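Here's the structure we're looking at; comments come further down.
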Protein chains: 2
Amino acid sequence: MTNTTLKLLAQQLQLSISTVSRALKDHPDISTATKEKVHALANSLDYEPNAYAIQLRTQSSKIFGVIVPAIANLFYDSFIAAIEEESRKNGYALMILQSSDNPDNELNNLKIFRQNRVSGVFACLSAHTQNLDVYEKMSERDIPVVFFDIVPKENKYTKVRMADERCAVIAAENIIQRGAKRVLALFGDPALSISQKRKLAFQQFMEKYAPKTHCTYLHTNSSQEAETAFHKHIGKMQKFDTVFAMTDEILIGVMKAIQALNIKVPKEIGVISISNGFIPSLYHPNISYVETSGYELGKLAFVQMLANIKGGKTLSELTVDAKFVEGGSM
Amino acid sequence: MTNTTLKLLAQQLQLSISTVSRALKDHPDISTATKEKVHALANSLDYEPNAYAIQLRTQSSKIFGVIVPAIANLFYDSFIAAIEEESRKNGYALMILQSSDNPDNELNNLKIFRQNRVSGVFACLSAHTQNLDVYEKMSERDIPVVFFDIVPKENKYTKVRMADERCAVIAAENIIQRGAKRVLALFGDPALSISQKRKLAFQQFMEKYAPKTHCTYLHTNSSQEAETAFHKHIGKMQKFDTVFAMTDEILIGVMKAIQALNIKVPKEIGVISISNGFIPSLYHPNISYVETSGYELGKLAFVQMLANIKGGKTLSELTVDAKFVEGGSM
DNA sequence: TCTAAAATTGCAAACGTTTGCGGTAAATTT
DNA sequence: AAATTTACCGCAAACGTTTGCAATTTTAGA
């Protein structure tokens, strides 16, 4: 079946295309009578404006691009869910591409976004992206970019991210408050700035406010690694009374080990992590965690995007605050 | 900065727009010499074809729409990841919208898809969608629809889904093989056909091949409900020696209860579920499960879509097969 | 050298909108 | 009744491509 167009409506009504167009959008120039006629026919013929024609004509697309390392990820999917909601409210649609942490894909995805003339892109850098030229190219095209989560260091970009240092400090506070004597602190890939930031903040805080507490710092790149690391370190020397997991991934490994060894939480060991809350709710007792909500981050990113679109350049780095959520594991 | 267009290239090269257009796509009519010139300038000027103009002209969009109840979902996000991969390989981009299980949103999303003249849509019905007219409308527009996971009953549609009955039967087989005497079987929302199918198949198989095994069937709508149901039923009368969870959601509730009561798996109770594998891997021992891979389903859906686009109508219902994955919980 | 065929390139219409501007008829003011 | 305003509507260009066809140039055949 052929789509109904303005032209078709115009022919059937013996009107000009422009009149039909204006009638459809309640232009004051058009009389109420014709407006009604037009609307009636448009409805009965199921008229749907052709987005491409509009975008071609108006040079603006009502589509946002989103680029994440992976969609299948507890954090990113809630981020996406958030901007999807906001987008719909504001009449935008979303185009989502994943980089799989591969800079080549990243490049390609950005290209697709440019070709589709998206009105803006939400970007999470892939783990080891060095070259930001592609993003420069977006700016040249006047396409605003809001970076989230993994963001570039330079402060000429608009970025939103979690308050990484705050997260680590809040975790440290709670560990101290528990009266921990020996803590095992597990962090992620040491090459990632997020790992560095969190570790640094955590370490400094502990050394300053609880210098007598013995801390062991480890970096692990997967649940597997975390699990085996835990097994290894829990065995030798005195047992830890508290364990801190920087991410869900790490927490998962730790908890498997804890279950395997049948260690009682929180009696024999306290557990605390940084998470968006889903994984911690899987265990009994619920794991206490410092909340980093992908959902909140998404909402924040969206207002930044809107600001960028409306008010020209709004360069800034906003962070969503962290808060402690009591589980029962501390 | 103003985008470079064919017109611009043509002017600078003293060529016609059509020649430039053809040169860029290696049309045999164009001489190698001019082709090279054109490509060179296009590169240096960062020419990027305007997708909207192309789509307007060619009436085809290279975009697929995806509609899911929620992106933030272990099953759907892996489904999405799969079709995203395939799409990229085939030069398509994805437009993803979530229905939040609300038929109104579903309606609206479909509308956006139509307006954007997507080349096809992957749709998962929202839980209680009754009216399929919207999807009929897509067909009228010659937009193929591939339903996945939650699909309509009528067989005039193209659908892919998990082999629900097989899943349930495989689970039942393993339960029988374990020599279970008393099993607690937990299913999801009884209004959903997926729950009905799985329960029916499970029940029939058990009654046929293990009539002496005592089975208790329950429906729960959330992790919470599953958890309390487990607590309630494990308390009174004789303990169950095996529990079957139809979904991840249910498994989560069950496992929380099991942890709380400190019941040993698999010694005191066997656990088996239907899952894509992530949740079962979170526990020690890993939970044995019947695999329903969103990823596989995505791949399958994509070939169906391609078939539909290329070869006209290909109405059929394909299912991705289920297989048992040994954990250590049985 | 002339002609026919082959190799190149350009013209112009079309895709479906939006929108500045000009035009006509009706309503209002003098 | 003439002049002016107001209300309504249509013309046509433009957005950036693609593509059938015609036009031109080059090459080959005789």
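If you count the DSSP beta bridges with both ends in chain A, what percent of them are antiparallel, to the nearest 5?
On the way: 3 of 41 bridges.
For chain A, the DSSP antiparallel bridge percentage is about 5.
Hey, in the GNM for chain A with a 10 angstrom Cα cutoff, which one of A:K256, A:K239, A:K208 fluctuates hardest?
Fluctuation is largest for A:K208.
For the protein assembly as shown, what is the accessible area per residue in Å² when the probe is 1.4 Å?
Values: 28650 Å² over 660 residues.
Here the per-residue accessible area is 43 Å².
Hey, what's the Cα Rg ratio for the range A:122-164 versus the globular rule of thumb, 2.2 N^0.38 Å? Could the numbers behind the result be given before it?
Values: Rg = 10.2 Å, N = 43, 2.2 N^0.38 = 9.2 Å.
Ratio of Rg to 2.2 N^0.38 Å for the range A:122-164: 1.11.
With a 1.4 Å probe, how much accessible area is buried between chains B and A, both sides summed, in Å² to the nearest hundred?
5500
In the protein assembly as shown, what % of DSSP beta bridges are antiparallel (nearest 5)?
Working: 7 of 83 bridges.
Given both bridge residues lie in the protein assembly as shown, the antiparallel proportion sits at roughly 10 percent.
With a bin width of 20 angstrom, please list the P(r) values of the protein assembly as shown as percents of all Cα-Cα pairs, from the 0 bin to the one holding the largest distance.
17, 44, 31, 9, 0
What are the residues whose amide H is under 5 Å from the amide H of B:G270, where those residues sit 5 or more places off or on another chain and H is modelled from the backbone?
B:T242, B:V243
What pairs from B:K137/B:K159; A:K181/A:K239; A:K35/B:K137; B:K199/B:K299; A:K239/A:K264; A:K35/A:K89 go past 19 Å between their alpha carbons? Don't jump to the answer; show the numbers that get you there.
Values: B:K137/B:K159 17 Å; A:K181/A:K239 10 Å; A:K35/B:K137 25 Å; B:K199/B:K299 27 Å; A:K239/A:K264 13 Å; A:K35/A:K89 27 Å.
From B:K137/B:K159; A:K181/A:K239; A:K35/B:K137; B:K199/B:K299; A:K239/A:K264; A:K35/A:K89, over 19 Å: A:K35/B:K137; B:K199/B:K299; A:K35/A:K89.
Only Cα pairs within less than 10 Å get springs; with that Gaussian network setup on chain B, which residue of B:T213, B:T242, B:T292 has the largest fluctuation?
B:T213
Can you give the log10 of the normalised intensity I(q)/I(0) at q = 0.11, 0.12, 0.14 Å⁻¹, computed with Debye over equal Cα scatterers of the range A:225-330?
-0.44, -0.50, -0.61
Any idea what the dipole of the protein assembly as shown comes to, in debye rounded to 20, about its Cα centre with Lys/Arg Cβ at +1 and Asp/Glu Cβ at -1?
140
What list of whole percents do you get for P(r) of the range B:6-49, with Cα-Cα distances grouped in 5 Å bins up to the one holding the largest distance?
Using 5 Å bins, I get a P(r) of 5, 27, 41, 22, 4 for the range B:6-49.
Give the long-range amide H neighbours of B:K62: residues separated by 5 or more places, or on another chain, with amide H under 5 Å away, using H modelled in the peptide plane at 1.01 Å from N.
B:S119
Let's see if you can work this out: charge +1 on each Lys and Arg Cβ, -1 on each Asp and Glu Cβ, no other charges. What is the dipole magnitude of the range A:229-330 about its Cα centre, in debye to the nearest 20? Could the numbers behind the result be given before it?
Numbers: 10 positive and 9 negative charges, 41 e Å.
For this selection, approximately 200 debye.
Where Lys and Arg each count +1 and Asp and Glu each count -1, what net charge lies around B:V118 among other residues with Cβ under 11 Å from its Cβ? Write out the running numbers ahead of the final one.
Values: positive: B:K62, B:R114, B:R117, B:R141; negative: none.
Surrounding charge for B:V118 is +4.
If you take each beta carbon of peptide A:69-77 and count the beta carbons of other chains within 10 angstrom, what is the mean? Please report the intermediate quantities before stating the final value.
On the way: counts 0, 4, 12, 16, 3, 4, 1, 3, 9.
Taking all residues of A:69-77 together, the mean is 6.
In the range A:139-154, what residues drop by 10 Å² or more of accessible area when the other protein chains are put back, versus the chain on its own? Use 1.4 Å, and skip ligands and nucleic acids.
At a threshold of 10 Å² (probe 1.4 Å), the residues of the range A:139-154 that become less exposed are A:E140, A:R141, A:D142.
Using a 10 Å cut-off around each Cβ of peptide B:111-119, what is the average number of partner chain Cβ atoms that fall inside? Present the calculation step by step, with values, prior to reporting the outcome.
Details: counts 1, 9, 2, 6, 8, 10, 6, 2, 0.
Rounded to a whole number, the mean comes out at 5.
Please state, rounded to one decimal and in Å, the Kirkwood hydrodynamic radius that the range A:136-199 gives when every pair of distinct Cα atoms enters the mean of 1/r.
Numbers: mean 1/r = 0.0701 Å⁻¹.
It works out to 14.3 Å.
Once the whole set of protein chains is in place, how much accessible area is left on B:M305, using a 1.4 Å probe, in Å² to the nearest 10?
Rounded to the nearest 10, that gives 0 Å².
For peptide A:80-91, how many partner chain Cβ atoms fall within 10 Å of a residue's Cβ, on average? Write out the running numbers ahead of the final one.
Working: counts 6, 7, 2, 0, 8, 3, 0, 1, 7, 0, 0, 1.
Rounded to a whole number, the mean comes out at 3.
For the range B:10-168, compute Rg over Rh where Rg is the Cα radius of gyration and Rh is the Kirkwood radius from the inverse mean 1/r over Cα pairs. Before the final figure, lay out each step's value.
Numbers: Rg = 20.8 Å, Rh = 18.3 Å.
We get a ratio of 1.14 for the range B:10-168.
So how strong a dipole does the range B:1-160 carry about its Cα centre when Lys and Arg Cβ are +1 and Asp and Glu Cβ are -1, to the nearest 20 debye?
My answer is approximately 620 debye.
In Å and on Cα atoms, what radius of gyration and Dmax does chain B show?
26.0, 90
Which one of B:L6, B:T32, B:A72 has its Cα pushed farthest toward the positive end of the charge dipole of the range B:4-72, where Lys and Arg give +1 and Asp and Glu give -1 at the Cβ?
Farthest towards the positive pole: B:L6.
Report the local net charge at B:I252: Lys and Arg +1, Asp and Glu -1, summed over other residues whose C-beta lies under 14 Å from its C-beta.
On the way: positive: B:K256; negative: B:E225, B:E227, B:D248, B:E249.
Around B:I252, the surrounding residues sum to -3.
Could you tell me what fraction of 2.2 N^0.38 Å the Cα radius of gyration of the range A:164-291 comes to, as a two-decimal ratio?
On the way: Rg = 13.0 Å, N = 128, 2.2 N^0.38 = 13.9 Å.
This ratio for the range A:164-291 stands at 0.94.
Return the single residue from A:G311, A:G253, A:G294 with maximal mean-square fluctuation; model: Gaussian network over chain A, springs between Cα atoms under 10 Å.
Comparing A:G311, A:G253, A:G294 in a Gaussian network model of chain A, the most mobile one is A:G311.
What net charge do the residues around B:K299 carry, taking every other residue with its C-beta under 12 Å from that of B:K299, with Lys and Arg at +1 and Asp and Glu at -1? The partial results should precede the final answer.
Details: positive: B:K89; negative: B:E84, B:E85, B:E86, B:E296.
Its environment carries a net charge of -3.
Considering only DSSP beta bridges with both partners in the range A:164-291, what is the antiparallel share in %, to the nearest 5? Each step should come with its number before you reach the end.
Working: 0 of 18 bridges.
That works out to approximately 0 percent antiparallel.
Could you tell me what percent of the accessible area of chain A is made up of carbon and sulfur, with a 1.4 Å probe and every protein chain present?
Details: 7310 of 14340 Å².
Ligands and nucleic acids excluded, carbon and sulfur reach 51 percent.
Could you pull out every residue, at least 5 positions away or on a different chain, whose amide H is within less than 5 Å of the one on B:V320? Hs are placed 1.01 Å off N in the peptide plane, and Pro or chain starts have none.
Sorted by chain and number, the residues that satisfy this are B:R161, B:M162, B:A163.
The values are calculated or read from the model by the stated rules, or taken from the named source; none is laboratory data. Source: prediction; values computed, not measured. Reconstructed Cβ throughout: ideal geometry from the backbone, glycine too, with neighbour counts over all protein chains shown. With ligands, DNA and RNA removed, areas are computed over all heavy atoms of the protein, side chains included. Shrake-Rupley method; radii C 1.70, N 1.55, O 1.52, S 1.80 Å.
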